[in-house]
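The values are calculated or read from the model by the stated rules, or taken from the named source; none is laboratory data. Bear in mind that the values here come from a model prediction, so they are computed numbers and not experimental data. All Cβ positions, glycine included, derive from the backbone under ideal geometry; neighbour counts span all protein chains shown.
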Amino acid sequence: MFGLDYSWLADPAYQQWLLTGVVNTLKLAALSSSAAIVIGMLGALGLTLRIFWLDALIELFVEVFRNTPPLLQMLFAYFTLSTLGLKVTDPSTGLSVPLLSAFACAAISLSLFGGALAIEAFRSGIETMPRSIIDAARSLGYGRWARFWRIEAPIATRICLPGLTNILTNLFKTTSQASVITVPELMYYAGQIYNDTFRTLEVMILVLLIYMVLVSILTFAMARLEAFMAFPGYGRGH
Amino acid sequence: MTGFKTMMGVSALALAAFFAGSAAVAGTLENVKARGKLVVGVKNDYVPYGYLNDKGDVVGFEVSLAKYVAKELLGSEDKIELVPVVASNRIEFLTAGRIDVIFATLGVTADRAKVIDFTTEYVSAAGPSVLAAKEATISKWEELKGKSVCGIQGSYYNKKMTEEFGINLVAFKTQPEAYRALKDNRCIGFVFDDMTLQQKLKEPDWASYKIAVAPYEFQPMAGGLRKGDAEFHEAVDMAIGKAEAEGKLIAWETEFGMPHSDYIAARAKAAAAKKN
């Protein structure tokens, strides 16, 4: 069809590469997304405490990791941290080797990058919450912690879900940059396959479709979650 | 793959047909003599075959060979014009008549032989080898099974490394990254083009490293000529044979810092014996 040649897909080596690539992409995305959500919640919680030095610390974290390219963060983690001394001695060879593997560097960088964005998303959720709800909670005798976990967090989560969906889909796609530090994910293998076969267009189309399917599953799940958690009186809860 | 091969085949045929038409008309040897200048396509970015020295002159093993051929054909090694070419345009430059001969790390392959003629083969170019620390005990490809070895993304031998030798290939986008990772011990070796690694070993930073695993394959390298020009072909081959017999190629190996190869030594010996 259209002169496209997919005969290379019959090669078991390429099938294995694509499969390994998809598995590693999913692992990286799942790990960094979960960590980003946890970081986002902790950060937003920290900001509600109104402690001067903690605010400053969280703001600094957000500025550093949100305002620098994730690709650069990964390269920094991979090449620079070990040079700065983050090394261990390999017991089997006695050589001094970097502590963090390529996968760990990518997962940590993406978690921090996603986390910084998530803090902002959750914070905006908390800040846009109607003032009257907080006043109501206060008048009912809720303390600071109970108010956060029982009132603010559930409502803020619902308000910031669309923003969070954006962050997670972006984070999923950003995993493709991990190929630069040799994480064998989908793009890493795709490049090798089209270099071997010269079927650049065919490989690109296939990889595009794989990403589209995977990210569509994620956005579909997030849409369902949004519908399920709809906040009465707001957005889809109308 | 078949589509690509067919395409290559068709373009090769087209070029060959185009050539059969024009080669019959122009004898390159007369042209070169009338012009008083041999126009040669050489590399200018590939140590040690053709590269720029500190003064900005194009020098190298194949550049010296080209100059020798010019001397044989025209009486002076200065009667030459060096045209920088790259892998993707050198055959077009030749078939289009912009150069008379290619001396630019041209590997002898059957596909190319459909489009151009090859001169005598004068170098046996090594494929990939493995650079590793001097203490490394590994010396065979088979011993790399399951080990992490740095490489470059997109290299033609990567599939062989992972599928045949079972290497855990850690492939980077660029060479500096791979060299850095090797120094950081992220991998036990770096698999790359042997000649490039040999040159790297000469840098003081890399004194504690060695070529741990020798190349598993060699590809003959030859000059490229337009198809069907027997007279010119013979003249160039004679010049190369004479250079071999005089031990010039061995001298150039020394001059350009190449490891002495058995292949060139054997050819020099055979050429000298033939002459006597």
Residue B:252: passes all of (1) closer than 26 Å to residue B:100 by Cβ; (2) outside any helix (DSSP H, G or I); (3) among the aromatic types (Phe, Trp, Tyr) but (2)
Which condition breaks for residue A:161 when tested against (1) buried (at least 20 other Cβ atoms within 10 Å of the Cβ); (2) over 16 Å from the mean Cα position of the chain (by Cα); (3) more than 10 Å from chain B (Cβ to nearest Cβ); (4) not small (Gly, Ala, Ser)?
-> (2)
Residue satisfying condition, being within 14 Å of another protein chain (Cβ to nearest Cβ) and farther than 20 Å from residue B:141 by Cβ, within set B:173, B:202 = B:173
Provide a single number: the residues in the range B:178-198 that are in a helix (DSSP H, G or I), more than 14 Å from every other protein chain (Cβ to nearest Cβ) and buried (at least 18 other Cβ atoms within 10 Å of the Cβ).
-> 4
Just one of (1) more than 13 Å from chain B (Cβ to nearest Cβ); (2) not in a loop (DSSP other than H, G, I, E, B) trips up residue A:82, so point out which.
-> (1)
Considering (1) part of a helix (DSSP H, G or I); (2) within 14 Å of chain B (Cβ to nearest Cβ); (3) surrounded by fewer than 19 Cβ atoms within 10 Å (Cβ to Cβ), say which one residue A:3 fails and leave the rest.
-> (1)
Being within 12 Å of chain B (Cβ to nearest Cβ) and of a type in the set (A, V, I, L, M) narrows A:167, A:193, A:151 down to just A:193
Among helices (runs of 4 or more DSSP H) entirely within the range B:32-145, at least 3 residues that are within 17 Å of residue B:222 (Cα to Cα) and at pLDDT 95 or above occur in B:61-74
Being among the hydroxyl-bearing types (Ser, Thr, Tyr) and over 30 Å from residue B:116 (Cα atoms) is the filter; apply it to the range B:206-226 and report the residue that is surrounded by the most Cβ atoms within 10 Å (Cβ to Cβ).
-> B:209
For residues that are in contact (Cβ under 8 Å) with a residue 60 or more places away in the chain and surrounded by 17 or more Cβ atoms within 10 Å (Cβ to Cβ), scanning just the range B:137-170, find the one that is farthest from the other protein chains (Cβ to nearest Cβ).
-> B:141
